[in-house]
Protein chains: 2
Amino acid sequence: MPNNQEQFKDLLRKNGLKVTNQRIAILEALSDRPGEHLTAEEIYDVVKKDYPDIGLATVYRTIQLLSELNLIDKLNLDDGYVRYEIGSENPEENCHHHHHLICLDCGNIYAFQDDLLENLESRIKETLGFDVVNHEVKLYGYCKECINNRAVKSN
Amino acid sequence: MPNNQEQFKDLLRKNGLKVTNQRIAILEALSDRPGEHLTAEEIYDVVKKDYPDIGLATVYRTIQLLSELNLIDKLNLDDGYVRYEIGSENPEENCHHHHHLICLDCGNIYAFQDDLLENLESRIKETLGFDVVNHEVKLYGYCKECINNRAVKSN
DNA sequence: TGATTCTATGCCAAAGGTTAACAATACACA
DNA sequence: TGTGTATTGTTAACCTTTGGCATAGAATCA
Ligand SMILES: [Zn+2]
Ligand SMILES: [Zn+2]
Ligand SMILES: [Zn+2]
Ligand SMILES: [Zn+2]
């Protein structure tokens, strides 16, 4: 995704930050894996293949940077790890991120976009005067496959 | 809330667990503070006033117990602490918990109940076959007071 | 009430993800 | 190419949370 990469370099330069191989490599690792939710350690392992001398602290620092630049999204599943994934396609508009369906059986994570949430937010603005600018939604349940597997088992 | 307390004792006994002063004290500390979101350390400090010899590990163990019994709810604000609060009034029905509006300015947390989410969940069931049984929603933005304060400042 | 059993507690140490310190490196700009 | 400064890699520290273990105490029954 060279488009994303050029945007990233420009963003760095605009903010007086330096373009380094490590930063590019980490963004690439995430860009190559859309839909995956990687921990810092997992990113570290991926990047080390092409860049064996990179340090874990650099991964943490770069992750934080990418997150502040809204290029990656954070996901906390309360399992002791914070996970990251590449953000939306057009990062310049402050568009809402996608949200997560987490299967309690197989652990798979599915994404969904939010349309109905805007109703909720406008109603909150009306009734409480609270202006929502960002949101994080996690829905827990059972995915189609696991539901089917259960039905088969109980036969 | 003696009602809640008796329910708690019964729940413990039903599960072959013992009723201890520490467990009662921790549930009381949370019951006395509805709407507050306390860390383990904060609960520890509160309970120590009436029960100076309690250990921090007991607080952690009891919190986990109360959480498994659905008597308290967990809240993670990604600030390095997990917070807890007393759950809904009637814990026997598996009712949905309330959700949180977090002000990015003053840090206050406001609660709201979810009605519109059921629309979302039924639509997800239709389109993706995913059966939602629980959800966690955090909305970030600016509360009424902070919006007013800003308007005053900019005059 | 007193003995018995086994859970729960308190204390302490360890775990484990994340961050800080700091000297060495390398990017940016001339 | 040289200079200045941000960035990196290494290492140790941080800090919330969990585990181990001996002791205390709740539950049960005689
Ligand atoms: Zn995702
Ligand atoms: Zn599944
Ligand atoms: Zn709450
Ligand atoms: Zn506010």
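Computed values, structure above
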item	result
Average partner coverage of A:121-134, which counts Cβ from other chains inside 10 Å	5
Summed buried accessible surface, chains B and A, 1.4 Å probe, nearest 100 Å²	3000 Å²
Size descriptor, Kirkwood hydrodynamic radius, that averages inverse alpha-carbon separations across the range A:96-155, Å	13.7 Å
Given charges at beta-carbon only (K, R positive; D, E negative), |dipole| of the protein assembly as shown in Debye	600 debye
Proximal lysines relative to residue A:144, as straight alpha-carbon distance under 23 Å, when same-chain residues fewer than 8 apart are discounted	A:153, B:125
Shortest-first distances to equivalent copies, position residue A:18, nm, label 7 Å out along Cβ	6.1
Copies compared at residue A:150 - label distances in nm, ascending, label defined 7 Å from Cα in the Cβ direction	4.3
Given charges at beta-carbon only (K, R positive; D, E negative), |dipole| of the range B:96-155 in Debye	420 debye
Relative contact order for chain A, counting Cα pairs under 8 Å that sit 6 or more residues apart, in percent	16 percent
Cross-link reach list, aspartates and glutamates versus residue A:49, counting only Cα pairs under 17 Å and skipping chain neighbours closer than eight places	A:28, A:32, A:41
Theoretical gain in end-to-end length, residue A:22 to residue A:133 [0.36 nm per residue, Cα-Cα removed]	36.8 nm
Principal semi-axes in Å for chain B [√(5λ), Cα gyration tensor, largest first]	31, 24, 13
Helix-only CD estimate at 222 nm, as mean residue ellipticity for chain B, using -39500 (n - 2.57) per DSSP H run (n ≥ 4)	-14000 deg cm²/dmol
Distant-in-sequence amide H partners of residue B:105 (H built 1.01 Å from N, under 5 Å)	B:143
10 Å Cβ neighbours from other chains, averaged over peptide A:106-115	1
Those lysines that a straight Cα-Cα span of less than 19 Å connects to residue A:9, excepting residues fewer than 8 apart in one chain	A:18
Scattering curve values for the range A:1-93, log₁₀ I(q)/I(0), Debye with Cα scatterers, q = 0.11, 0.13, 0.21 Å⁻¹	-0.28, -0.39, -1.06
For the range A:1-93, size of Cβ-based charge dipole, Lys and Arg +1, Asp and Glu -1, in debye	480 debye
For chain A: accessible area per residue (Å², 1.4 Å)	58 Å²
26 Å tail of the calculated P(r), the protein assembly as shown, as % of Cα pairs	59 percent
Zone of residue A:56's modelled label, taken as backbone nitrogen in the range A:66-83 under 17 Å from a point 7 Å along Cα→Cβ	A:80-83
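The values are calculated or read from the model by the stated rules, or taken from the named source; none is laboratory data. The structure presented is a predicted model; accordingly, all values stated were derived computationally and were not measured. When we count neighbours, we look across all protein chains shown, and the Cβ atoms used for this are built from the backbone with ideal geometry, even at glycine. Calculation scope for accessible area: heavy atoms of the full protein, side chains included, ligands and nucleic acids excluded. Shrake-Rupley method; radii C 1.70, N 1.55, O 1.52, S 1.80 Å.
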